[in-house]
Amino acid sequence: MLKGIAASSGVAIAKVYKLEQPVVEIVKKEANPVVEVQRFNDALEKTKSDITRIKEIAAQRLSEEELAVFDAHLMMASDPDLASQIVGMIENDKVNADYATDTVATSMIAIFESMDNDYMRERAADIKDVTFRLKCNLLGLMIPDLSLINEDSVVVAYDLTPSDTAQLNTFAKGFATAIGGRTSHSAIMARSLEIPAVVGCAGILEAAKHGDTVILDALEGEVILNPDDALIQKYEAKAKAYVEEKEALKVLKTAKSISTDGHQVELAGNIGGVKDVEGVLNNGGEGVGLFRTEFLYMNADHFPTEDEQFEAYKEVLTNMGGRKVVVRTLDIGGDKKLSYFQFPEEMNPFLGYRAIRLCLDRTDIFRTQLRALIRASVFGKLCIMFPMIATVKEFRDAKAIFNEEKANLIKEGVKVADNIEVGMMVEIPAAAVNADNFAKEADFFSIGTNDLIQYTMAADRMSEHVSYLYQPYNPSILRLVKATIDGAHKEGKWAGMCGEMAGEPYAVPLLLGLGLDEFSMSATSILKARKMVTSLNKADCAKLAEEAIQLSTAEEVLALVKSKVDK
Ligand code: PEP
Ligand code: MG
């Protein structure tokens, strides 16, 4: 049994599907050109048919646009220049096909990477992908492919990127990763897909073999390999009980989120794309409190155009039927990279060139997104917020660009809503401490506790080694949350929270007590939070929060909350 961090609740029992890239070792050999050219041609044909098959399977889920990457790869695999260079080298130098492929690929990649044209530079990634598959086929190595999973499986990986999680089909019953914490992006994706996940499970890659039977207990954060029948039965019962408990909460789907003394709050859902709206509505979400738009960028092979973005925002706003939708502008950088954009090399990318810092530097990217958003504003109730704001000047600069683009669109004769709210995330301690000043300029706050805790505790949210410092109940965090909410209320503005803390059952009484107006969380947490809110008395919670803030440690706070709530 291996211990990890429970990142998305549920229990799964299935076979291990190991997502591990094969190690390609190229050795130069003298070889018969006739044999090698034949090997190369066979591997090339297999590469083309692999890509075609993956595209066919992906076509069931992806749009034409998203499928374009496969066409680019097919075109690359059919490129006569690539083939003739490799065949030429095999024939002239009398070397093995794998060595020739590797040599030609390396030099082609280097040429494309050095071009000063974005489009050409992006092609380097395509060549890398296609020639990697070609080399694996030459060496008889299997490339795991999540979209091809066709039996109930638990995916075991070092980490899962957003494009990995996008490929998961219904046979993927859950996943376990070696790295990550509760707020790493693979964990967030698991919650929006509503599949169990255990992350930060050190040793899992060494211990699990492809095809092993595995129990994934994502309620406790445990992974059990090759269990006996008795253990399987025990966990089947646990899985069933969990599903029944989830079902029972459904009665609260249309209930209002009102405390026993009549105080109403809003319980909203976090989404990463258009498809997630359904989960929010199915779980009784009263709005979208965070649309992480970076997924639109990460799931593409180019910066999404204004029209592409407009369609996505329009669909979300329309599907939410007039309920509030808070869209966060591009929050890229840190652990969120783009295949088609070169980030500067930095020692600490989480403290570096990212989010609003990048957007205020690359205003072309920022303006495109703002225009798409403003154009979509007439289809619902839109709130826009900027991520990673540290200074009032950053907020002013971002808002000024928003105002310019709004004025430009109006001049162009485009209809725009007159009730767009422009707010900011509070996820840097500097912003929380200075919240009353920010509140004079921002229409609302949304507290991003995933980052706020990471920056307050100086503890990398991706590192399982310091995950003990992810302490939402630490009085230091509660004080920053309080300063933010009080700052907003002083200026008559509303304060929400879209970090994972908002959905933690024991945090709900504290946040309600501190006066939080909107709680936004993974869709699967909404009904549990509603059960909490509707059973709590706001005035009592205010006293509880006041008491909690005077304590010294997270453990004391949690014990206090439990003593009141679990009575
Ligand atoms: C946060 O930091 O709390 C947040 C909601 O944003 P993200 O998790 O996307 O960084
Ligand atoms: Mg954040």
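The values are calculated or read from the model by the stated rules, or taken from the named source; none is laboratory data. Owing to the predicted nature of the structure, the values given are computational and were not obtained by experimental measurement. Please note: Cβ atoms are built from the backbone with ideal geometry, for glycine as well, and neighbour counts cover all protein chains shown.
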Determine which member of the set R362, R354, R396 is within 16 Å of ligand 1 (Cβ to nearest atom) and over 18 Å from A495 (Cβ atoms). R354
From L82, L74, L67, L44, which residue is in the same structural domain as L134 (by TED's automatic domain parsing), within 18 Å of N299 (Cα to Cα) and either of a type in the set (F, W, Y) or surrounded by 13 or more Cβ atoms within 10 Å (Cβ to Cβ) (or both)? L67
From the list L225, L231, L219, L249, which residue is in contact (Cβ under 8 Å) with a residue 40 or more places away in the chain and over 16 Å from V198 (Cα atoms)? L249
Could you list, in sequence order, the residues of region 341-354 that are surrounded by fewer than 17 Cβ atoms within 10 Å (Cβ to Cβ) and either basic (K, R) or part of a loop (DSSP other than H, G, I, E, B) (or both)? Q342, F343, P344, E345, E346, M347, N348, G352, Y353
Any residue in region 330-340 that is more than 16 Å from ligand 1 (Cβ to nearest atom), in contact (Cβ under 8 Å) with a residue 40 or more places away in the chain and touching a Ser or Thr at 6+ places or on another chain (Cβ under 9 Å)? yes
Sort out which residues of region 278-294 are charged (D, E, K, R) and closer than 21 Å to A372 by Cβ, and write them in order of number. R292, E294
Candidates I384, I374 - the one that is in contact with an Asp or Glu (Cβ under 9 Å, 6 or more places away or on another chain) and within 16 Å of ligand 1 (Cβ to nearest atom): I384
Criterion first (under 24 Å from G269 (Cα atoms) and out of contact with any strand residue (DSSP E or B) (no Cβ under 8 Å at 6 or more places or on another chain)) does P475 satisfy it? no
Hits in region 308-329 - residues which are touching a residue at least 60 places away in the same chain (Cβ under 8 Å), within 16 Å of ligand 1 (Cβ to nearest atom) and in contact with a Lys or Arg (Cβ under 7 Å, 6 or more places away or on another chain): R328
Any hit, region 402-418, residues being within 13 Å of ligand 1 (Cβ to nearest atom) and modelled with pLDDT of 95 or more: no
Tally, over region 165-204, of residues that are part of a helix (DSSP H, G or I) and over 15 Å from the mean Cα position of the chain (by Cα): 1
How about region 427-447: which of its residues are within 16 Å of ligand 1 (Cβ to nearest atom) and farther than 27 Å from V378 by Cα? E427, I428, P429, A430, A431, A432, A435
Cross-chain or 6+ apart pairs with Cβ under 6 Å, region 418-443 first and under 19 Å from I477 (Cβ atoms), then within 16 Å of ligand 1 (Cβ to nearest atom) and of a type in the set (S, T, N, Q): M425/S446; V426/T484; P429/T456; A432/T484; A435/T484
Is one or more of the residues making up region 414-422 within 16 Å of ligand 2 (Cβ to nearest atom) and surrounded by fewer than 19 Cβ atoms within 10 Å (Cβ to Cβ)? no
Among what's in region 169-202 and is basic (K, R) and within 16 Å of ligand 2 (Cβ to nearest atom), pick the residue that is surrounded by the fewest Cβ atoms within 10 Å (Cβ to Cβ). R182
Residues satisfying the stated conditions in region 144-153, i.e. touching an Asp or Glu at 6+ places or on another chain (Cβ under 9 Å) and either on the phi > 0 side of the Ramachandran plot or buried (at least 18 other Cβ atoms within 10 Å of the Cβ) (or both): L146
Which condition breaks for D276 when tested against (1) within 15 Å of ligand 2 (Cβ to nearest atom); (2) among the charged types (D, E, K, R); (3) more than 19 Å from F445 (Cα to Cα); (4) surrounded by 21 or more Cβ atoms within 10 Å (Cβ to Cβ)? (1)
